[in-house]
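**Q** Take this structure, written in structure tokens, and hold onto it; I'll ask about it next.
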Amino acid sequence: MNAKVLNGREHWASRLGFILAAAGSAIGLGNIWKFPYITGENGGGLFVLFYLLCVLLVGLPIMLAEFVIGRSTQSSPVAAFSELAGEQSAWKLVGWFGVISGFIILSYYSVVAGWSLNYLLMSIVDATAGKSPQEISGIFDKLYTSGSLNIFWHFLFMAITVGIVLSGVKEGIERWCRTLMPLLFLILAFLLVYGVFSPNSGFIKAAKFVFAPKIETFTSAGALEALGHAFFTLSLGMGAMLTYGSYLPKNEDVVKSAFIITFLDTMVALLACMVIFPILFGHGMEPQQGPGLVFKAMPIIFSNIPGGMILAILFFALLTFAALSSAISLQEVVSSNFMDRKGWTRKKATLITGTAIFIIGIPSALAGSGSLLAQWKDIFGKNFFDTMDYLAPNWLLPMGGFLMAVYVGWIMPRKKLEDEFKSGSKWAALYPLWLFSIKFIAPLAVLLVLLYKTGIINL
Ligand code: PFF
């Protein structure tokens, strides 16, 4: 593949570039910040096994569906559905749904990424030196409740994201992901090796916790959380993979790429657990610490081990890179929509929507300080940030994914579907299996979750 612009649309310069960009979208805060703490809360073992099943049986087929729609239409989500189903068709709403999800997710994702920037700077200036564990974990509470710090980091992170997306698919997204992703793999490998060989490593205990199935700790709520997380972690249900697929030429093997991206994403989630839990167990700490796990526990641990400052810098750089390559894809869904639908330039689309996302994120950035929308929590039971983080993975993404699976499995012309799946693929023989999963397994599994969540069925 050469760097090119086909039919006026920019394309990936190389297959590796595409795979790293799509893996960059998938691998993010979901893998390193969220997966370890929900694994901790759900007792590991069976939860992890169930999550792996969701990734394979639901996530992988839907990722392929997104690539197929994106590449066949060479368009971003709204334009794609209006091309396939007609300008007047209600299916276009699935595309809009994705764009709105992009706005919402990036608005609070950027706040968490901002915490990561904060901890990166703290590690570089060795801010935890000489502090007690209580003082160190108290730093997170200080940050969380400081409105001005949260706004500052949120602004900075959005500015970096917008800056990269402004440079375009090849020069911005692909180039950055080609640099960030290998770095991320390297840092992760280093931390893993450190965990295995460090003197008081809890590696065996951690491996048992993550991989040995224990029936006692597995609940139906955990099963549902695992499915929702499979969508979030693979960037599915809002058209991010659809948009990245739209920059692919016809000779690219989408089936093989989807397998590679899913594999990389899953490995990073599992490796993140195997980096965090051995250090945690080795220091006598428990994994059930909720969302503060990474930000509260890791700095305490790093401050206790020799050379911990370097490890802390590496760890928070890893978290920041991962967040950035995912944020880029969220911004790209929104930008490309306004470029394709309204004919805006990349610059105009990215600057206007990036600013809008920054503004929408302000209530999330101020959620901990309680100064804006103070009544929100009284009314909804969760602060603004938590409400967004609940809505997006639990509702928006599974609903979007469900509708895409239904469209591809039941409505899209069969011949077009088959041609698109097989085009350029050495794995074309998997088509019947994929068709079966996208028609039945994936939508039924998601439907089950949504019905359970609305209380219509009770497990
Ligand atoms: N997959 C990202 C993560 O695991 O952090 C989050 C994400 C990115 C979700 C892009 C959805 C999306 F479209």
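The values are calculated or read from the model by the stated rules, or taken from the named source; none is laboratory data. The structure presented is a predicted model; accordingly, all values stated were derived computationally and were not measured. Glycine also receives a Cβ, built like all others from the backbone with ideal geometry; neighbour counts cover every protein chain displayed.
**Q** With a cut-off of at least 1 residues that are within 18 Å of the chain's Cα centre (by Cα), within 16 Å of the ligand (Cβ to nearest atom) and crowded, with 19+ Cβ neighbours inside 10 Å, name the helices (runs of 4 or more DSSP H) lying wholly within region 329-424.
**A** 346-365, 384-391, 397-406
**Q** Same structure again: All but one of (1) surrounded by fewer than 17 Cβ atoms within 10 Å (Cβ to Cβ); (2) out of contact with any Pro (no Cβ under 9 Å at 6 or more places or on another chain); (3) not in a loop (DSSP other than H, G, I, E, B) hold for residue 164; state the number of the condition that does not hold.
**A** If we test residue 164 against (1) surrounded by fewer than 17 Cβ atoms within 10 Å (Cβ to Cβ); (2) out of contact with any Pro (no Cβ under 9 Å at 6 or more places or on another chain); (3) not in a loop (DSSP other than H, G, I, E, B), just (1) comes out false.
**Q** How do the pairs read when you match residues in region 201-214 that are more than 11 Å from residue 277 (Cβ to Cβ) with residues anywhere that are buried (at least 18 other Cβ atoms within 10 Å of the Cβ), using Cβ under 6 Å and keeping only pairs 6 or more apart or on different chains?
**A** 212/45; 213/45; 213/46; 214/45
**Q** When you scan region 102-119, do you find a residue that is buried (at least 16 other Cβ atoms within 10 Å of the Cβ), under 24 Å from residue 270 (Cα atoms) and away from the ligand (no atom under 16 Å from the Cβ), even just one?
**A** yes
**Q** Cβ-Cβ under 7 Å, sequence separation 6+ or interchain: first residue in region 223-235 and over 16 Å from residue 109 (Cα atoms) and within 11 Å of the ligand (Cβ to nearest atom), partner modelled with pLDDT of 90 or more and not hydroxyl-bearing (Ser, Thr, Tyr). Which pairs?
**A** Qualifying pairs under 7 Å: 230/54; 230/55; 230/58; 230/59.
**Q** Continuing with the same structure: Within region 67-101, count every residue that is in a helix (DSSP H, G or I), among the hydroxyl-bearing types (Ser, Thr, Tyr) and within 16 Å of the ligand (Cβ to nearest atom).
**A** Step one: of region 67-101, the residues in a helix (DSSP H, G or I) are 67-73, 77-85, 92-101.
Among the residues that remain, those that are also among the hydroxyl-bearing types (Ser, Thr, Tyr) are: 72-73, 82, 101.
Cutting the leftovers down to within 16 Å of the ligand (Cβ to nearest atom) gives us 101.
Residues meeting the conditions: 1.
**Q** Next question, about the same structure. Which is modelled with pLDDT of 95 or more, away from the ligand (no atom under 12 Å from the Cβ) and closer than 30 Å to residue 296 by Cα, of 46, 56, 64, 52?
**A** On the way: 46 fails: modelled with pLDDT of 95 or more; 56 fails: closer than 30 Å to residue 296 by Cα; 64 fails: closer than 30 Å to residue 296 by Cα.
The unique qualifying residue is 52.
**Q** Right, here's the next one. Given the residues 281, 277, 259, 302, which is the only one that is in a helix (DSSP H, G or I), away from the ligand (no atom under 16 Å from the Cβ) and at pLDDT 95 or above? Full working, then the answer.
**A** Values: 281 fails: at pLDDT 95 or above; 277 fails: at pLDDT 95 or above; 302 fails: at pLDDT 95 or above.
Unique residue meeting the criteria: 259.
**Q** Among all residue pairs at least 6 apart or on different chains, which show Cβ distances below 6 Å where the first residue, located in region 440-453, is without any contact (Cβ under 8 Å) to a residue 60 or more places away in the chain and the second is loosely packed, with under 15 Cβ neighbours inside 10 Å?
**A** 451/457
**Q** Moving on. Among the residues of region 224-241 satisfying the criterion of being over 14 Å from residue 40 (Cα atoms) and modelled with pLDDT under 90, which is surrounded by the fewest Cβ atoms within 10 Å (Cβ to Cβ)?
**A** The qualifying residue surrounded by the fewest Cβ atoms within 10 Å (Cβ to Cβ) is 224.
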